[in-house]
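The values are calculated or read from the model by the stated rules, or taken from the named source; none is laboratory data. For clarity, every value in this text was computed on a predicted model and none was experimentally measured. Neighbour counts run over all protein chains shown; Cβ positions are idealised from the backbone, glycine included. Just the protein is used for accessible areas: all its heavy atoms, side chains included, with ligands, DNA and RNA removed. Shrake-Rupley method; radii C 1.70, N 1.55, O 1.52, S 1.80 Å.
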Amino acid sequence: MVEFIISDARLVLQIHDELIYEVPDHSLRETASIIKTTMESVSKNLGLNVNMMVRIKSGPTWAQLQEIDL
C-alpha cells in the first residue's frame, strides 16, 4: 500500500460518494492526481473486478465547479 501525505489539503465534507476538499491553488493538480489515483485503485486493492470512474472538479463555489483533466 502506498501512503501519501497531502499537508495543505483538507477534507471538508463527504456526501455519499463525493468528497469535498479545500486545496490551495498551488497544489491543486498534484493533490487532485493523488486523490484520483488512490480512489481508482481501491477496488483493485480489494480484489474486485470493478472499474471506478473518478471525476475531479475544482472551483471557488459549488456552482462554479469545472472538471479538471489530469
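So which residues in segment 6-22 are more than 15 Å from Leu65 (Cβ to Cβ) and surrounded by fewer than 14 Cβ atoms within 10 Å (Cβ to Cβ)?
Ser7, Asp8, Arg10, Leu11, Gln14, His16, Asp17
Tell me which residues, restricted to segment 23-54, are under 20 Å from Arg10 (Cβ atoms) and open to solvent by 100 Å² or more (accessible area, probe 1.4 Å).
Asp25, His26, Arg29, Glu30, listed by residue number.
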